[in-house]
Amino acid sequence: MSHAKLASIFNKDEKKVDWHDKALWFVRHKRDKTVHHVKGWEDLRDLGHGIKAHMLSNLDTYLEDFEANAKKNGVEVHWAADAQEHNQIVHKILKDNNAKKVVKSKSMLTEECHLNPFLEADDIEVVDTDLGERIVQLAKEPPSHIVLPAIHKNKHEVDELFQEHLGTKPCDGDPQYLTGEARKHLRQKFIEADAAITGVNFAIAETGGFVVCTNEGNADMGVHLAPVHIACMGVEKIIPKQEHLGVFLRLLARSATGQPVTTYSSHFKKPREGKKMHIVIVDNGRSEQLSRPDFRASLHCIRCGACMNTCPIYRRSGGHSYDATIPGPIGSILSPGKDLTKHSTLPFASTLCGSCSDVCPVKIDIHAQLYKWRQIITKNTPQPFVKKKSMQIMGSIFAKPKKFEKVGKIARWSLRNLPKSVINSKPNTWGKTRDLPTGPKQSFDDWYNERQQNKKND
Amino acid sequence: MKVGLFIPCYINQLYPQVGKATLELLEKLNVEVVYPSGQTCCGQPMANSGYESESIGACNHFVNNFKEFDYIVTPSGSCAYHVKKHYDIIPQTDDVTKVRNNVYELCDFILNVLKIKDLGASFPHKVGVHKSCHGLRGLRLGSCSERVTPEYSYIEELLKEVRGVELMPVKRGDECCGFGGTFAVTEEAISVKMGKDKIKDHLESGVEVITATDTSCLMHLEGLVTRNKQPLKILHIAEILNSNI
């Protein structure tokens, strides 16, 4: 279904839209307050952008450095060309270690690869341990936001969900009670787990180490208790040196939630004695995106979600309306690269207001890339006949002043003389809830010519 | 200084009063303005809809109309931005480069080229400014709330000098109104919701008149205000700067 259709369904409940909008605007506003306290914030963004651009230009070298250093540290490194291979590798590691119960700490990459259903098909239990992730997992829904995965659900919905799945008592959406119960439930899962899967926020080529950022400490809990740790990362998560980490940790938390730093920045380098650590490095369409000069900067993304919080369309249409693993503005430039036809409406789910580009901590020109995808989509995917034809007609009118004058005259006359019921009939979507301007008798051209004539006569 | 006046297609046909105000204002400021006849459109509607190639005729026509001028001035941030940013689809001849470099949004031109702040206007009303996105984040007609930079706004600098104007602050000072060209139709639900929220913000701060650098945003807001019979007047910035009540 198109973004517009899904968005209009979401908009049927205006109160919920208002609540969703306000909740995300609150985060955006908190972000503003925090970044304004950082001297040289704009320089920091430049630096983040520059490091990522340099990394992408030397991606092969840095990935090989990372692999060599990680191996030196005693980590097993695996390479996956696509989602299928990624899932098979993870599955094999779990099988080899007789792991039947897995705890996972928020990883959008495993969402992208649809790892959970793949493992569950072989009776492996996968529990998402981030509270928001767990909520959407219980609801059998995908996350609607990359940092706030359950932002589309209010506390009363969570209350009902927990009653059904965790056997909690009705509590009128009391957040303290609900989080307390979730904590008890998740602690049990941590203790029982045979393996822990985490994502990777930053992988450091120089050291072979990597960092996972969480606000709930769930990555630490999982990894420290389970005998096997599998970290799954996209190829673009590499940063060249340890010293670059400070740049990104400062940018990430502030942009994501308005915190000065994420509560837990967990650094992993080597397996503990008697334990195992694996890293799966995944391409899944990333090098193809890298090969597109206009879109390669989309791989700078550090997954802070700031573009979603700032986007007036995302805030009012909800993450699920994008029908993609990564929703919002950044998702709208990443997704068409994976499946142009399926995601053909996403680059149009924007007014090109540019707020996403200005808020982006690593300066991805998101709105410019949305514009560029539009040009490609109209050429390469089936377009509605009416849209295509009307664009051709408009193009020919605007190339010829005489035609423009004629059409303008008819339009103005119609707006002035036709009954409102005709003007606001079904084909005119504009007129459903908005009035069209009344057509003036004179165009600016007419007025100007008359004025020049009068001047001459004077 | 030879100045060419560019009146965008929808202003020409639907809001001629904005064009008149712009011309009169520039003449009041002793600018020698020429309105080249046979103007049409900058090509933006097709290009933003993904049909850039259908806009080539309009782009070439635009350049031919304006190549002889030192400055091209228009009461539309979004059209000026389009010429500057997206005219890379036609060969970059000297004429094209000159036109792209010299196209200005009206307030920007008055403040930064003419270097005039007080235009001698008076308008005793409570005014709320809508900062149209393409002018704001495309042409940087003002500071943007996402970025950590000194605060400024060309439109507000000019309005502050207008006698009697009371500038009313709104909560979300630079959020998009939801127009977005064909977006207003293809994403009707979201577009209307954004417009309604924008109007609510202005009404809550006691605004009597909403103004902007772009008639397209104003057409969308006016459409909602008129349909819902809300107590708000919608005027383009040129109309306020040219008024002398």
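The values are calculated or read from the model by the stated rules, or taken from the named source; none is laboratory data. Fair warning: this is a prediction, and the values are worked out from it, not measured in the lab. For neighbour counting, all protein chains shown are included, and Cβ atoms are generated from backbone atoms with ideal geometry for every residue, glycine included. SASA here: full protein model, heavy atoms, side chains in, ligands and nucleic acids out. Shrake-Rupley method; radii C 1.70, N 1.55, O 1.52, S 1.80 Å.
For the reader, a short list of remarks on this structure follows.
- Residues of segment B:42-84 that are without any contact (Cβ under 8 Å) to a residue 40 or more places away in the chain, β-branched (Val, Ile, Thr) and either more than 9 Å from chain A (Cβ to nearest Cβ) or open to solvent by less than 10 Å² (accessible area, probe 1.4 Å) (or both): B:63 alone.
- Lone unmet requirement of (1) crowded, with 20+ Cβ neighbours inside 10 Å; (2) aliphatic (A, V, I, L, M); (3) touching a helix residue (DSSP H, G or I) at 6+ places or on another chain (Cβ under 7 Å) for residue A:223: (3)
- The requirement of being among the basic types (Lys, Arg), open to solvent by 30 Å² or more (accessible area, probe 1.4 Å) and more than 10 Å from chain A (Cβ to nearest Cβ) is fulfilled nowhere in segment B:175-197; no residue meets it.
- Within the span defined as segment A:244-261, one or more residues are assigned to a loop (DSSP other than H, G, I, E, B) and either hydrophobic (A, V, I, L, M, F, W, C) or crowded, with 24+ Cβ neighbours inside 10 Å (or both).
- Strands (runs of 3 or more DSSP E) completely within segment B:1-108 that count 2 or more residues being closer than 25 Å to residue A:403 by Cβ: B:3-5, B:71-74
- Scanning segment A:184-219 for residues that are surrounded by fewer than 18 Cβ atoms within 10 Å (Cβ to Cβ), without any contact (Cβ under 8 Å) to a residue 60 or more places away in the chain and touching a strand residue (DSSP E or B) at 6+ places or on another chain (Cβ under 6 Å) yields one hit, A:217.
- Among (1) open to solvent by 20 Å² or more (accessible area, probe 1.4 Å); (2) in a helix (DSSP H, G or I), the one test that residue A:12 misses: (2)
- Look at (1) modelled with pLDDT under 95; (2) within 7 Å of chain B (Cβ to nearest Cβ) and you find that residue A:400 fails only one, number (2).
- Test: residue in segment B:159-166 that is over 30 Å from residue A:313 (Cβ atoms) and part of a helix (DSSP H, G or I): yes
- Candidates A:327, A:336, A:382 - the one that is surrounded by fewer than 19 Cβ atoms within 10 Å (Cβ to Cβ) and more than 10 Å from every other protein chain (Cβ to nearest Cβ): A:382
- Segment B:214-245 - residue that is within 14 Å of another protein chain (Cβ to nearest Cβ) and in a loop (DSSP other than H, G, I, E, B) and, of those, least open to solvent (accessible area, probe 1.4 Å): B:214
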